[in-house]
Ligand code: ATP
Ligand code: MG
């Protein structure tokens with residue numbers, strides 16, 4: 001079951017050894033055990049990185065030293081990447097990055113991982129699972145548990161606070177470990193020491209999950225947003241929950257931008273400040289700006305929003321900023337229509353007798369504006385508007 005791809009078998013064979021490994025580790029084992037599709041397969045090996053590179057190259061596999069200080073080599077086979085990390089132990093941390101030493105002890109490698117459910121290993125040949133901290137029973141019980149003392153593990157790397165909530169949103173369905181929550185709340189000041197990019201990456205991964213509502217609620221209750229998102233809107237979790245309910249009710253996929261906007265006031269300046277602070281990608285920043293600055297959606301303007309900013313933006317704007325009957329009407333109007341298309345070109349106006357020149361672009365824009373205000377009639381009416389305008393322009397220039 002572990003060799004769904006031939007490329008993985010090639011990598012594993014290259015690292016095969018009588019004394020140990022390689023083993024599949026982390027997310028791939030965890031997700032396979034609960035029947036979730038695996039996209040990334042990470043491997044762990046007792047071989048030091050230079051030996052890993054040698055072995056891969058002998059097997060004619062491309063080896064890229066992607067994180068040699070941390071013991072990580074990436075094997076590239078048939079366009080797939082496999083991260084291969086040498087077993088290690090953390091020797092020192094500053095709350096952001098660990099200094100590591102290589103190890104040949106699997107349990108030691110497991111003990112520096114964050115949560116019990118993330119410290120599972122599998123022998124790719126036999127399928128045997130190695131579980132040093134009861135990760136399988138936590139996975140079955142829906143408990144996200146730190147390996148070792150939560151306070152200490154958080155002090156080693158404060159990003160683990162955000163990871164805790166992300167994994168809780170994905171795998172948590174049982175009792176919540178109140179000690180872990182308290183440790184997160186206590187360590188929250190440490191988030192200010194992390195880079196904004198790492199925080200933003202965790203936040204966007206969390207918000208992209210299929211149901212982050214409970215995790216977000218717990219984060220709010222424990223003051224987790226305060227260091228990096230002081231703009232957090234009142235009752236943000238309720239807004240997020242409502243957005244999810246609407247997504248289900250309207251069979252509509254909502255974007256990451258919409259999810260993020262449930263956390264923020266509807267204020268373009270504030271939203272852009274947050275996007276800049278978190279160094280969000282230009283694309284995400286643009287999408288946020290487009291959504292937050294739409295006019296109040298209504299049945300009258302919703303198609304105009306779709307025309308000007310795209311169907312996804314219009315859907316999100318309605319879901320975020322319309323309610324009740326207005327929301328229903330907006331969705332109905334969007335659902336039965338595609339984005340309106342303005343079909344005229346400058347050439348059409350010239351064919352109607354307008355002399356070529358800058359006047360053409362301006363006239364076309366005027367026609368487009370009338371067409372929008374008439375609620376996007378079809379091409380025949382577009383031509384009609386154009387003919388009238390050209391007639392007026394020509395008679396005025398006589
Ligand atoms: P995902 O499906 O989200 O990628 P994953 O378990 O693969 O889940 P990654 O962030 O890709 O998570 O990390 C891979 C593994 O590395 C984790 O399963 C965990 O064992 C370990 N790990 C990653 N980040 C940390 C950290 N900050 N502290 C301790 N262990 C970590
Ligand atoms: Mg991963």
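The values are calculated or read from the model by the stated rules, or taken from the named source; none is laboratory data. Since we're looking at a predicted model, the values are computed, not measured. We place every Cβ from the backbone using ideal geometry, glycine too, and count neighbours over all the protein chains shown.
Residue 36 meets each of the listed conditions (1) within 16 Å of ligand 2 (Cβ to nearest atom); (2) part of a loop (DSSP other than H, G, I, E, B); (3) touching a strand residue (DSSP E or B) at 6+ places or on another chain (Cβ under 8 Å) apart from (3). Evaluate the following for residue 64: is it more than 16 Å from ligand 2 (Cβ to nearest atom), under 26 Å from residue 195 (Cβ atoms), outside any loop (DSSP other than H, G, I, E, B) and modelled with pLDDT of 90 or more? Answer is yes for this residue.
Report, by residue number, each residue of region 166-194 that is under 15 Å from residue 278 (Cβ atoms) and touching a residue at least 40 places away in the same chain (Cβ under 8 Å).
Result: 194, single match.
Among the conditions (1) in the same structural domain as residue 177 (by TED's automatic domain parsing); (2) part of a loop (DSSP other than H, G, I, E, B); (3) out of contact with any helix residue (DSSP H, G or I) (no Cβ under 9 Å at 6 or more places or on another chain), residue 197 misses just one, which is (2). Checking the stated criteria, residue 29 turns out to be outside any loop (DSSP other than H, G, I, E, B), touching a residue at least 60 places away in the same chain (Cβ under 8 Å), within 19 Å of residue 147 (Cβ to Cβ) and within 12 Å of ligand 1 (Cβ to nearest atom). When residue 52 is tested against (1) within 12 Å of ligand 1 (Cβ to nearest atom); (2) part of a helix (DSSP H, G or I), only condition (1) is not met.
Select, from 85, 72, the only residue that is within 12 Å of ligand 1 (Cβ to nearest atom) and in contact (Cβ under 8 Å) with a residue 60 or more places away in the chain.
On the way: 72 fails: in contact (Cβ under 8 Å) with a residue 60 or more places away in the chain.
It is 85.
Condition check: touching a residue at least 12 places away in the same chain (Cβ under 8 Å), assigned by TED's automatic domain parsing to the domain that holds residue 128, exposed (fewer than 15 other Cβ atoms within 10 Å of the Cβ) and within 16 Å of ligand 2 (Cβ to nearest atom). Does residue 17 satisfy that? So residue 17 fails the test. Across region 311-352, the qualifying residues are those that are outside any helix (DSSP H, G or I) and in contact with a helix residue (DSSP H, G or I) (Cβ under 6 Å, 6 or more places away or on another chain), and the one among them that is surrounded by the fewest Cβ atoms within 10 Å (Cβ to Cβ) is 343.
Give region 248-271 a look and list any residue that's buried (at least 16 other Cβ atoms within 10 Å of the Cβ), over 17 Å from the mean Cα position of the chain (by Cα) and part of a helix (DSSP H, G or I), or say none. Selection gives 271 alone.
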